[in-house]
1. Please give me the summed charge of the neighbours of SER89: other residues whose Cβ is under 13 Å from its Cβ, Lys and Arg +1, Asp and Glu -1.
2. With both partners inside the chain, how many of the DSSP beta bridges are antiparallel, as a percent to the nearest 5?
3. Return the calculated 222 nm mean residue ellipticity for the chain, to the nearest 500 deg cm²/dmol, obtained by summing -39500 (n - 2.57) across DSSP H runs with n ≥ 4 and dividing by the residue count.
4. Report the full-extension gain for the segment MET1 to ASP73: residue separation times 0.36 nm, less the Cα-Cα distance, to one decimal in nm.
5. For ARG185, what is the net charge nearby, where nearby means another residue's Cβ is under 11 Å from its Cβ and Lys, Arg count +1, Asp, Glu -1?
6. Given R₀ = 22 Å, FRET efficiency for GLU132-VAL32 by Cβ-Cβ distance, to 0.05?
Amino acid sequence: MPAIVHWRDWNGEGLERCLFSETAEGFTLEGVLIGTREGHYGAHYLVRTDAHFHTRQVRVAYLGGPCLEVEADGQGRWWDRLSGEPLSSLDGCLDIDIGVTPATNTLPIRRLKLVAQASAEIEVAYIPLPSEVTAQFVPHRERQRYTCLVTGSRYRYDGIPGGFFAELNVDPHGLVLDYPPMFCRVQGDLR
């Protein structure tokens, strides 16, 4: 069954609406948001995975700004769909991390299937915030670690080597409830 969730920035500003759905081929995250992290922006994203939560397709568009569309083969090879060029700097990455949303934390949490106190270090294709976009809008490689604190409900996220970390509470779908100090789930029906 699809899930629709809403997040606000930790400071109570901004708003995101995300649809998480499953088909026989895999999973989809699609969202729209107005964000305030390091500036004000609007964005739309679409992420498709295979049945094992390996990222296969990603589109991100910043309103009035750059757009990106990349694909992966599920084995860690990526290419830019807009230019047709391979993105060999992302070789080996199975996950995507879109900086403006907590939705993509769901993908490694579900893919890794960590048990309590287990952890895994991964490399992801990171899509920068609008303020971080340079001349070319493409993902870049980042190291991260996920540690399961309570199976199925609480994880620690570490950004390596930057030193950032957060403890993430998740719902039964693996979607983030709270991501201090950046995002919190809006309770109640906003449909």
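Bear in mind these aren't lab numbers, they're just calculated from the coordinates by the rules spelled out. Values in this document were obtained by computation on a predicted structure and should not be read as measured data. No Cβ is skipped: glycine too gets one built from the backbone with ideal geometry, and neighbour counts run over all protein chains shown.
1. The answer is -3.
2. Bridges in the chain that DSSP calls antiparallel: roughly 95 percent.
3. When only DSSP H runs of four or more count, the value is -1000 deg cm²/dmol.
4. 23.3 nm
5. For residues surrounding ARG185, the net value is -2.
6. 0.65
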